[in-house]
1. When you check Y63 against the structure, is it hydroxyl-bearing (S, T, Y), modelled with pLDDT of 90 or more and surrounded by 10 or more Cβ atoms within 10 Å (Cβ to Cβ), yes or no?
2. Does segment 50-61 hold any residues that are in contact with a helix residue (DSSP H, G or I) (Cβ under 9 Å, 6 or more places away or on another chain) and either among the small types (G, A, S) or in a strand (DSSP E or B) (or both), and which are they?
3. Which of the residues that make up segment 3-47 are part of a helix (DSSP H, G or I), more than 10 Å from the chain's Cα centre (by Cα) and exposed (fewer than 13 other Cβ atoms within 10 Å of the Cβ)?
Amino acid sequence: MSSIDLSGTFTLGDRTVKRLGYGAMQLAGPGVFGPPKDHGAALAVLREAVALGINHIDTSDFYGPHVTNLLIR
């Protein structure tokens, strides 16, 4: 297995960001509205994504609304 990062990076403002990110839409409740069914599990998913090297989390105020942004903080 190779450890080469094939996804590459790009610059966003003054930050270097990996092209492969995590889409946070599924962290919100059913139909992407409201809080997640399991708050602890949602946080565990975010922590694992970061532990795996993700530094770009795609979110929107629409999800929840605002739920995913609050989880990430």
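The values are calculated or read from the model by the stated rules, or taken from the named source; none is laboratory data. Keep in mind the model is a prediction, meaning the values are calculated, not measured. Heads up, the Cβs are rebuilt from the backbone with ideal geometry, glycines too, and the neighbour counts pull from every protein chain shown.
1. no
2. Residues satisfying the conditions are I57, D58, S60.
3. P30, G31, H39, G40, A41, A44
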